[in-house]
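Everything below concerns the one structure shown next.
The values are calculated or read from the model by the stated rules, or taken from the named source; none is laboratory data. Because the structure is predicted, anything quoted here is derived from the model rather than measured. Methodologically, a virtual Cβ is constructed for each residue, glycine included, from the backbone with ideal geometry; neighbour enumeration extends over all protein chains shown. Note: accessible area is taken over every heavy atom of the protein model, side chains too, but ligands, DNA and RNA are not part of it. Shrake-Rupley method; radii C 1.70, N 1.55, O 1.52, S 1.80 Å.
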Amino acid sequence: MPILASLPGLNLLSSLPSNPPQNDTTSSTPSPSPPIPIPKYPPPRSRNPKTNVPRSNPALSIPHRRSNYRKPVQKGVISTDGDRCVIVGENGVSYKLPGAPFEFQYSYSETPNAEPIAIREPAYLPFAPPTMPRPWTGKAPLKKSKKNIPLFDSFNPPPPGKKGVKHVEKPGPFPFGKYPKEGKTREEILGEPLKKWEIKMLVKPLLSDNRQVNLGRDGLTHNMLDLIHTHWKRRRVCKIKCKGVPTVDMDNVCRHSEEKTGGKIIHRVGGVVFLFRGRNYNYRTRPQYPVMLWKPATPVYPKLIQEAPEGLTKAEADEFRKKGKSLLPICTLAKNGMYASLVKDVRDAFEECPLVKIDCKGLQPSDYKKIGAKLKELVPCVLLSFDDEQILMWRGRDWKSMYGDTSSNLVPVKADILSGIDNSAKSSDDIGTPDSQRVVSSPKMMSLWRRAIESNKALLLEELALGPDAVLDKVEEFEGMSLAIEHSCEALVLSSEDGSSSSSSAEFKGGSYSEDENDIYSSDDIIDDEYYGDNSFEEVDPSIPLGLLPVDNIAERLRRESK
């Protein structure tokens, strides 16, 4: 290093030249190629390609969705195709086919009672083949089998050991010595009514079985009719399980199930229904229905919510809706739940408050709107709002209590039974009455009191000016009468001193026992005398007047012994 530093013209700290010399391309050698070739990736795809995408098959699109097709309709025939036609009537849109037992519908149990005002698609028959003008959204029909498969005959089923044939249930059950008969009408197919032991025999194996027909928000649809007959081919009873909207009115579901299928409901537990096919049912002669290839578009119905509902002005309706926002719901409906007690709950709630709200969080808007329409008809009530997934109802001006008119039923305050006082039930005649003297009882309490008076278990003192002694006499007289009615069994009649026996009916004050009252008691209901000992009835004083029952004498003797 010292030698290099002593050389003249050499600066070790000098910078590199600003312009490096250019390389000679002629004399430079090419760079060697890498051992692994670099892959050539395709260019990245754009998120919104502008290339022309081929359109999907029009058969896969539903025409009534995302369309503004609205055609007003009136009651009557709106479309015809020979003998087949589409009809708008009281049951909505129905389809009439030649030779059909009734007019077909998509849903028989969940069709609103209001007449539709418009349709959302052209009036096509959903039973037509795929070559029809309407785009077809179903599957292609199966080709006809080349094999000659015989029809299933319940009266002459195939032998159990035959291959390729499943079990076919025979008709029945029949008592000993009776055989099936061919029937055409519903009464002939059902046969004699089932007995209790027969119903138990048919229903018990199906209680824990999951082979069933599930009935959802659309209710009893048209294609379920053929499905029920398919179940009847293997078993005599078809199990139908209902959930969701149809369970609000189970009587309606049961009625339509019996009318359309021709069967008989023999057992019902909550939302589960057991439908019996009949004693003389034959699968070969069953009614055959055409299958709907698609679900028709739901017609347009009048609006359920109006700005000024019946009996209210717009200002009053808005005031009710404002109060309903702070009102607590009486219940919360679960999705696909069981709503059989909903109508009763709403009626009971209207006894205490003119407004009722139901929480429907998690349900589809179409579901709780259908529930509101059912409650409007069954309760009945006036619908005010569906906001915030809640049903708000008003009981209406023509509302009447389930327990009758309670405006004039006044009772003393000292009764000490007025647990549920309803101030809204007071009449205009009670405005001047002091609260310290008279109050109005709740409708439910008045109903219980009225029932007790009718069954002679309570006494209504109409003369309020009676003295203490007169009131005591009336109470003692009523106590004897009610006790005699309570112990309505035959009295023990003792012979008199002269050896003559008294009559078979023991008289009491103001009345006598009749032989008809004793017919309701069987020999099993009468308690054996050994329960009280051997000398229980021998100690009865023969001087007891007519009308005093032996059981009363026994109770008095036990009361003295307990002291």
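Numerical summary
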quantity: Test: residue in the range 157-167 that is β-branched (Val, Ile, Thr), at pLDDT 80 or above and open to solvent by less than 100 Å² (accessible area, probe 1.4 Å); calculated: no
quantity: Pick from the range 359-400, criterion surrounded by 18 or more Cβ atoms within 10 Å (Cβ to Cβ) and aromatic (Phe, Trp, Tyr), ranking: nearest to Pro302 (Cα to Cα); calculated: Tyr368
quantity: Output for the range 336-347, where each listed residue is in a loop (DSSP other than H, G, I, E, B) and open to solvent by less than 20 Å² (accessible area, probe 1.4 Å); calculated: Gly337, Tyr339
quantity: Residue in the range 200-216 that is under 27 Å from Leu333 (Cα atoms), buried (at least 20 other Cβ atoms within 10 Å of the Cβ) and either among the charged types (D, E, K, R) or within 17 Å of the chain's Cα centre (by Cα) (or both) present; calculated: yes
quantity: Meets criteria (farther than 14 Å from Cys242 by Cβ, of a type in the set (D, E, K, R) and over 12 Å from the mean Cα position of the chain (by Cα)) for Lys357; calculated: yes
quantity: Any hit, the range 171-179, residues being in contact with a helix residue (DSSP H, G or I) (Cβ under 6 Å, 6 or more places away or on another chain), surrounded by 10 or more Cβ atoms within 10 Å (Cβ to Cβ) and touching a residue at least 40 places away in the same chain (Cβ under 8 Å); calculated: yes
quantity: Matching residues in the range 348-370 - criterion: being outside any loop (DSSP other than H, G, I, E, B) and within 13 Å of Cys331 (Cβ to Cβ); calculated: Asp348, Ala349, Val356, Lys357, Ile358, Asp359, Tyr368
quantity: Any hit, the range 367-376, residues being touching a residue at least 40 places away in the same chain (Cβ under 8 Å) and of a type in the set (Ser, Thr, Tyr); calculated: no
